[in-house]
Amino acid sequence: MTTTTLAAAPAGRSPTAAALRRFRKHPAAVVSVLFIALVVLAAIFARPLSGHDPNAIDLLSARTGPSGDHLLGTDSTGRDVLSRLLFAGRISLGVGIASAVIAVVVGTLLGSIAGLLGGWVDGLVMRLADVFMSFPSLVVIVVVAGILGPSVLTMVIAIGLFQWPVCGRIVRGVTLSLREQEFVLASRATGAGPLWLMRKHIIPAALPPVSVVATLAVAQAIALEATLSFLGLGVQPPASSWGNMLTDAQSLTVIRSEPWLWLSPGIAVALTVLAVNFVGDGLRDAVDPRSAS
Amino acid sequence: MGAFLVRRLSINVLVFFLITIAVFALVHKTPGDPIAMQIPADQLNSGSADFIAQKRAELGLDRSLVVQYWHWLTNALHGDLGYSLLNGRPVTELLGERIGPTIELMGVGLLISLLIAFPLGILAARRRNSWLDYGATVVSLGSVSIPVFFVALIVIYVFTLKFQWFPSSGISDPTNPGLLDSLHHLVLPALILGFGNSGPFMRYVRSSMITELDADYVRTANAKGASPRRVVLRHAFRNSLIPVLTVIATNLPQLLAGAVVIEQVFAWPGMGQLAVSSVNQHDYSVIVGFALLIAIIVLLSNLLADVLYTVVDPRVRLR
């Protein structure tokens, strides 16, 4: 989402164009953008690309290695690994983006409220951020999934809720520094309410740093989803996810003799998370030239 | 310093109570009657309702939520977390025997992550923008990005199945116990946990070292003719430890999260494995006990970070 706003910027010496130029100097980030585009396209066109139904069971051709018909082989019930991998991409990317959106929305709201109101509200929101930051979301979601039962919706909300503090702190910082600026004072004097200030001043100013943490949040969420699904607490079969495709690989026989079952989903999640992290890294250098030096 | 710590402590106690309320509310939302659940379905009949009502009264489940919460909380604070729904053993006992292996795994894992992070972080800070610096960044991004369970599967494939150097399951071999055997079982899980957590540490060491290396006293030390090695290790490194120590304490919960996953893959008999298996078997009382224990561990690490922060840095103490 961030890359599209960058790409849509007019050419010239605008800050966005300058940031885009700096981003292009980060080779790993550029390659990563291309790779992510590829993953997104593969997930969107999962059906025509795969050629198989991801849930079609074919016990006669179970556990066969890669072949012309099944490019990445089949799993223990004869389902096509490639098509499960492609459909799993939809879930992984969806969970990643949805949780990051929750984190950004909650963080922006709470951060700007804290910054605008100050006083005890600010103190309360920041203590809350500390508490959320200090708990490892994985362990919390294990507990919540254990009590409420695993569900993708619970997982998305929980991941998002545990990622808001990073964004909240940034937006609060931006708000605090904006609050004292003359154009904001003028805006307030002419009757601008908090919602107007948020829309016209805070969000545009906070967008560059927030785009960085949002990107990193997507990466973290994809990794978390995979881990939870691997543990059996996230996406439930028959739906496939990169994490739950690896759940079957917890036996030594599978690891030894059917590496296609665990290598492809593992590589998919590792490369995707790595690529999103590289993009976040590149974005950080692009929007904050000081950190690049 | 005293006032600061007292304030942090009271915030932590307050947070703990809020967490107990949240956990209690969550458990209360679970479907099914706790008594009816323990009666086999084929034995439920018209007489069961009276029996269930009587049992509910005995256990205080017919009282108000507030009373129930208070009852549960006072019991929990006295170490009575109830009994496992699966095997009837006290939850405190179950958790107690799992803490040791988890601490062992986390301790050695932490040590390994520091052994990776410090040399790489210091070298990267000294030679900024060199290939070594970029290499260190890639290693740290990789350690953050590649899911621990996938690393574990690769490592098992290479070191357990191909080379057969290390076992991939359990904490010891009952037929051949001993210190060497324990270390042998510890190598793979601890290495993976250490690698997975080295990334964030390395970044902090690097940026903290960069700050110190740019400081005036480093220039003075260089000007006096101290060797580069001495300047880095005796001067800059010691000061760079101040922020890094707090980061280590605040990262303990993340280390625990990594241990939960690794225990599952390596059948390591720790708290994480107990938690995941209890979740899969709907053993609610164990899950709740685990949740409270985690809350305590996290809040204690926060407190430890606060204490370290004030003890290590005299500038904070003066405030």
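The values are calculated or read from the model by the stated rules, or taken from the named source; none is laboratory data. What you see is a predicted model; the values in this text were computed from it and never measured. Here the Cβ positions follow ideal geometry from the backbone for every residue, glycine too, while neighbour counts run over all protein chains shown.
Here A:ALA145, A:ALA205, A:ALA189 are screened, and the one residue that is surrounded by fewer than 15 Cβ atoms within 10 Å (Cβ to Cβ) and modelled with pLDDT under 90 is A:ALA189. The requirement of being in contact with an Asp or Glu (Cβ under 7 Å, 6 or more places away or on another chain), at pLDDT below 85 and among the small types (Gly, Ala, Ser) is satisfied by B:SER84.
Of all residues in region A:190-224, exactly one satisfies the criterion of being closer than 30 Å to A:SER76 by Cα and either more than 20 Å from the chain's Cα centre (by Cα) or more than 10 Å from chain B (Cβ to nearest Cβ) (or both), namely A:ALA221. Scanning region B:126-146 for residues that are among the β-branched types (Val, Ile, Thr), touching a Leu at 6+ places or on another chain (Cβ under 8 Å) and within 8 Å of chain A (Cβ to nearest Cβ) yields a count of 1.
Regarding A:PRO259, is this residue facing chain B (nearest Cβ under 9 Å), at pLDDT 85 or above and over 23 Å from A:ILE157 (Cα atoms)? Judged against the criteria, A:PRO259 is not a match. Of all residues in region B:251-277, those being β-branched (Val, Ile, Thr), crowded, with 24+ Cβ neighbours inside 10 Å and at the interface with chain A (Cβ under 10 Å from one of its Cβ atoms) number 3.
Once region B:278-287 is narrowed to residues that are among the hydrophobic types (A, V, I, L, M, F, W, C) and facing chain A (nearest Cβ under 8 Å), the residue that is farthest from B:VAL23 (Cα to Cα) is B:VAL279. Scanning region B:154-166 for any residue that is over 29 Å from A:VAL218 (Cα atoms) and among the hydroxyl-bearing types (Ser, Thr, Tyr) turns up at least one such residue. Restricted to region A:206-293, the set of helices (runs of 4 or more DSSP H) holding at least 1 residues that are of a type in the set (Phe, Trp, Tyr), free of Cβ contacts under 8 Å to residues at least 24 places away in the same chain and within 24 Å of A:ALA42 (Cα to Cα) comprises A:259-287. Among residues of region B:64-81 that are in a helix (DSSP H, G or I), those with a beta-carbon under 7 Å from a residue that is polar (S, T, N, Q) and surrounded by 10 or more Cβ atoms within 10 Å (Cβ to Cβ) at least six positions away or on a different chain give the pairs B:LEU73/B:THR20.
Kindly indicate whether B:PHE149 is in contact (Cβ under 8 Å) with a residue 12 or more places away in the chain, facing chain A (nearest Cβ under 10 Å) and under 26 Å from the mean Cα position of the chain (by Cα).
Working: in contact (Cβ under 8 Å) with a residue 12 or more places away in the chain: yes; facing chain A (nearest Cβ under 10 Å): yes; under 26 Å from the mean Cα position of the chain (by Cα): yes.
Considered against the rule, which asks whether it is in contact (Cβ under 8 Å) with a residue 12 or more places away in the chain, facing chain A (nearest Cβ under 10 Å) and under 26 Å from the mean Cα position of the chain (by Cα), B:PHE149 comes out as yes.
Condition first: within 9 Å of chain B (Cβ to nearest Cβ) and over 21 Å from B:THR160 (Cβ atoms). Now tell me which residues in region A:262-271 satisfy that. So that I can check it myself, show each step before the final result.
Here is the first cut: in region A:262-271, the residues within 9 Å of chain B (Cβ to nearest Cβ) are A:262-263, A:265-267, A:269-271.
Scanning region A:262-271 gives A:VAL269, A:LEU271.
The requirement of being part of a helix (DSSP H, G or I) and closer than 30 Å to A:ASN244 by Cβ is not satisfied by B:VAL232. If the condition is being without any contact (Cβ under 8 Å) to a residue 40 or more places away in the chain, within 14 Å of chain B (Cβ to nearest Cβ) and under 22 Å from the mean Cα position of the chain (by Cα), then region A:107-137 contributes A:ASP130, A:VAL131, A:PHE132, A:MET133, A:SER134, A:PHE135, A:PRO136.
Inspect all residues belonging to region A:243-250 and state whether any of them is closer than 30 Å to A:GLY149 by Cα, among the hydroxyl-bearing types (Ser, Thr, Tyr) and at pLDDT 90 or above.
In the first step, residues of region A:243-250 are kept if they are closer than 30 Å to A:GLY149 by Cα; the result is A:243-250.
Imposing the further condition that a residue be among the hydroxyl-bearing types (Ser, Thr, Tyr) reduces the set to A:247.
Remaining after also requiring at pLDDT 90 or above: none.
Scanning region A:243-250 turns up no residue that is closer than 30 Å to A:GLY149 by Cα, among the hydroxyl-bearing types (Ser, Thr, Tyr) and at pLDDT 90 or above.
When region A:138-160 is filtered for residues that are under 24 Å from A:PRO208 (Cβ atoms) and either of a type in the set (A, V, I, L, M) or within 14 Å of chain B (Cβ to nearest Cβ) (or both), only A:ILE159 remains.
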